[in-house]
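What follows is a single structure, written as structure tokens, with notes after it.
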Amino acid sequence: MTTPHPPGIGRREAMRRLSTGAGATALAGTTGAAAGAACAPAEAPATDMGQRFRQMLAGDDPVICPGAFDVISARLIVEMGFESVLIGGSAGSAANLGLPDYGLASITELIDVSARIADAVPVPVFADADDGGGSPLAIARAVRGFERGGLAAVMIEDHVQAKHIGEGGILLETDAMADRVRAAADARKTGMMLVARCDAVSVGLSEQEAMDRGAAYVEAGADLLFFAGLPPERIGAVAGASGAPAIASVHDTPVGTLKENGVPLVLYAGQLLRLALGAMKQGLQDIHDGATWPNYAERALPGDEYQALIRSGDWRDAARRYNLVDESGRQVRG
């Protein structure tokens, strides 16, 4: 038996409703208390990053969201002109804990890393929350933690831990995942967006199963969906049948293809970490081979840009304000 799907609506109308705080349940045509719980509060402050993110995603073109793995990489993303930052589960676990993305990071560790990054950049930050902490009660508490950390959006998945550790995978029952989403929607007090990740296709189930699950998650309060393993060319059809726009995580899919399929948000999750590690490996190999760094100045980030990323100037200004250094910059006390 399949779940009846809500009437399809266009991406622009879907995102317009989200940008005004209408909530995903409004997209699915539901009403009542459940819909009210899932809606973003109308009185959310102007500084609410979730509301800002909603407005960004309501534009005509997909928003590009590269994945940071720490504060300084997040700042570099912003310096390069991107208007949002992802902190993915895989890159975050690898860089901060040295662990694979097998669900080994605790929800408090995920909140801590995400909050530090959100505090350090002036753009919306989207965090992968894995299973949100487990039970609906734990997820409700985690959502409040992410909100206090200033996150613009969080993603909760339907994959049972430990995920990705072997072939295939095990998913929660649809109703159980819907209850997790409902608990998250009920708990939030800001415009923070909720993304429900559906792993049906990635574990070998059908697109129909993905649609049925997506529709249930939207009805429970998800603002956006993410269908792991779904080809980019199929995102539009599956998302349309589910009742909410779906985001995409890609490597080299043309943005035009994603736009045609109504994708509002494009994630580049772990590429930056691997690029950084590749560059470091080459530099270390140079030292190992000859105790020199050939063309270091041309290959490395310029010193002034590095100092800007760690906000050295702001701290020096504060030191002058509090009389730790004199006007010439000479330290006079500690």
So what are the ³J(HN,Hα) numbers for region 116-129, from phi and the Karplus equation (6.51, -1.76, 1.60; θ = phi - 60°), rounded to whole Hz, Gly and Pro as x?
4, 6, 4, 6, 9, 10, x, 10, x, 10, 10, 10, 7, 9
Tilt, helix 136-148 to longest principal axis of the chain (alpha-carbon atoms), in degrees rounded to tens, equals 40
Can you give the angle from 0 to 90° between the axis of helix 271-290 and the longest principal axis of the chain, with both taken from C-alpha atoms, to the nearest 10?
30
Options [x] 152; [y] 128; [z] 166 are given for volume of the Cα convex hull per residue in Å³, and the computed one is [z]
Restricting to Cα pairs under 8 Å and 6 or more apart, the percent relative contact order of the chain works out to 20
Between E233 and Q208, what FRET efficiency comes out of the Förster formula 1/(1 + (r/R0)^6) with R0 = 25 Å and r the beta carbon distance, rounded to 0.05?
0.90
Just in region 247-334: which trypsin sites (Lys or Arg not before Pro) are loop by DSSP and have at most 13 other Cβ atoms within 10 Å?
R311, R330, R333
Once S328 and L284 are pulled to full extension, the length gained, defined as 0.36 nm per residue separation minus their Cα-Cα distance, is 12.0 nm
Positive minus negative residues near E327 (Lys, Arg vs Asp, Glu; Cβ under 13 Å)
+2
Nearest 10 degrees, 0 to 90: helix 174-187 Cα axis against the chain principal axis
60
GluC sites (Glu not before Pro) within region 75-183: which are DSSP loop residues with at most 14 other Cβ atoms inside 10 Å?
E167, E173
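Bear in mind these aren't lab numbers, they're just calculated from the coordinates by the rules spelled out. Since the structure is predicted, the reported quantities are computational estimates derived from the model, not experimental observations. Ideal geometry is used to build each Cβ from the backbone, glycine not excepted, and the neighbour counts take in all protein chains shown.
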